[in-house]
């Protein structure tokens, strides 16, 4: 491991609520809106519109938790940073590496699909003679090898745009995403002129279970809010902007998906939908062949924005990891314009190499486990941060932040009190620690036991002839309710001395805790069981690699550390906060103040509290 970055490297705060919302929409809606809707409609029929709303509801559970953590920890890095703050270095490394795996493979896959769509669009426009080798060149006898020349070029062009600066990148994204939304709305309006409402009857031909089966398929159409959280250091007033962007982008996506699916199932009976290009085929049946060009243009723009924002998120993730010292400090360097240049180039090189050399389509079964793990970790972060509570005396809490506070691994926070040894803990602190331990047990059992329904459904497990799912609902669900009920989640709110005008404006809090994060954790666990077995192998393999590297690095660190303690060397796996909050608006002097990342040196991660 490299030493943590110690030089302040602030990013440029220029993004407003509209910018952040369009980041979420741009990262979520790709070519899938024209394809996955047809695949889901073949499962649920016209009721697929309800499947999208069910998936959106489940995503809201995760989005509210993301919004709270983004408001508390307004730093780039998304789930990696949240898990680092709450659970420690090892958990953060597992979460971050799994997320980066999804990002890199996904970027390479999207780049190749984008090239293919561009080629099809040119052919549809009458440009013939485009050689097929521009898409890919397969290698006989090597199924996982496939060369592409154009996909890395696409990644290079988008990376060069990102290097221009966040304001310029946001402008490009705003234009492309707005055009994409316009095309989707145009497709919906055009479809409404020729659809047959009779195709919506029967509305749910396969019954209610098919609606939920289809929802598990379309769930991954709403994954853009992770990209929103990576704008934390580049948006104005992140405590307010990030929650707004997350919820607004999710709402826009749900409405657009619902509109497309209603039009699709109204144009053609769901039994006759094709597996590929279902929307284009549906319009062809109404003699509107020209709509294929419109849909292909929308698909190209959609894939471009998704890829563009995926590269953006990757670079901010690398920036956060390098600041922690888990990657060379040179990756954490930021230019005077506020651009993490080295991190952006690293993303381009890794994703470009994968897109150039591998048949990433064969690796698609390994995707999505990382994002589900990240969602689960963020839900758990909210539960734990609430269980830790807040201490108005400042002893061991982070209820207030001085002008420059450093969050160390031993709990020192600027001018606020520090946590001493366990023996000197007060009765209140011991009570809070016991509450946190109960929360950890509840989180573990909640996630673990909710894996059971998915495996039970997939494998038809029984106990004495009784379906295991029924036994679980009676026993497992009751156990989880009892465990969660024993934890006090009333902490982590605001100090009673908080100025009235800051209590509701500076910090977003998820409602209905622990119900919201517990439900999110449960649904995420169920969805993980629906992924292919290769995804589980990939998850455990990455965890094992992180464990071995982490163990090796700690042994090496113990041998080289002499005069300084392990914690002072920046090598502790302790959470960055021994108590509940990284940001609590209770002591912030003005509404809208935020914490800017200063660096991660021997004193831990440093933030500068300044009013924006």
Legend entry - Members of the stretch 264-287 that are modelled with pLDDT under 85 and not in a helix (DSSP H, G or I): 273, 274, 275, 276, 277, 285, 286, 287
Inset, instruction - Go through the stretch 319-341 and give me each residue that's free of Cβ contacts under 8 Å to residues at least 40 places away in the same chain and surrounded by 21 or more Cβ atoms within 10 Å (Cβ to Cβ). - result: 331
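Does residue 86 satisfy the condition of being more than 19 Å from residue 27 (Cα to Cα) and buried (at least 24 other Cβ atoms within 10 Å of the Cβ)? Walk me through it before giving the result.
Details: more than 19 Å from residue 27 (Cα to Cα): yes; buried (at least 24 other Cβ atoms within 10 Å of the Cβ): yes.
Here the answer is yes, as residue 86 does meet what is asked.
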Inset, instruction - Kindly provide the set of residues from the stretch 179-211 that are in contact with a helix residue (DSSP H, G or I) (Cβ under 8 Å, 6 or more places away or on another chain) and over 19 Å from residue 264 (Cα atoms), ordered by number. - result: 179
Legend entry - Criterion: surrounded by 17 or more Cβ atoms within 10 Å (Cβ to Cβ) and either under 23 Å from residue 350 (Cβ atoms) or out of contact with any strand residue (DSSP E or B) (no Cβ under 8 Å at 6 or more places or on another chain) (or both) - qualifying residue of 130, 118: 118
Legend entry - Single residue of 444, 455, 450 found to be buried (at least 20 other Cβ atoms within 10 Å of the Cβ) and either outside the structural domain of residue 99 (by TED's automatic domain parsing) or at pLDDT 80 or above (or both): 450
Inset, instruction - Quick one: which residue in 239, 234 is surrounded by 16 or more Cβ atoms within 10 Å (Cβ to Cβ), in contact with a strand residue (DSSP E or B) (Cβ under 8 Å, 6 or more places away or on another chain), closer than 30 Å to residue 13 by Cα and at pLDDT below 85? - result: 239
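Among the residues in the stretch 271-283, are any over 17 Å from the mean Cα position of the chain (by Cα) and closer than 24 Å to residue 57 by Cβ? It would help to see each step written out before you state the result.
The first filter runs over the stretch 271-283 and keeps only residues over 17 Å from the mean Cα position of the chain (by Cα), leaving 271-283.
Subset that is closer than 24 Å to residue 57 by Cβ: none.
No: zero hits.
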Inset, instruction - Those residues that are at pLDDT 80 or above and assigned to a loop (DSSP other than H, G, I, E, B), I need them from the stretch 128-151; list them, please. - result: 148, 149
Legend entry - For residue 220: the one exception among (1) at pLDDT below 90; (2) assigned to a helix (DSSP H, G or I); (3) in contact with a helix residue (DSSP H, G or I) (Cβ under 7 Å, 6 or more places away or on another chain); (4) closer than 27 Å to residue 112 by Cβ: (3)
Legend entry - Answer residue from the stretch 335-363, given it is within 22 Å of the chain's Cα centre (by Cα) and over 19 Å from residue 309 (Cβ atoms) and is modelled with the highest pLDDT among those: 363
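The values are calculated or read from the model by the stated rules, or taken from the named source; none is laboratory data. Predicted model only: the values in this text are computed from it and were never measured. Glycine also receives a Cβ, built like all others from the backbone with ideal geometry; neighbour counts cover every protein chain displayed.
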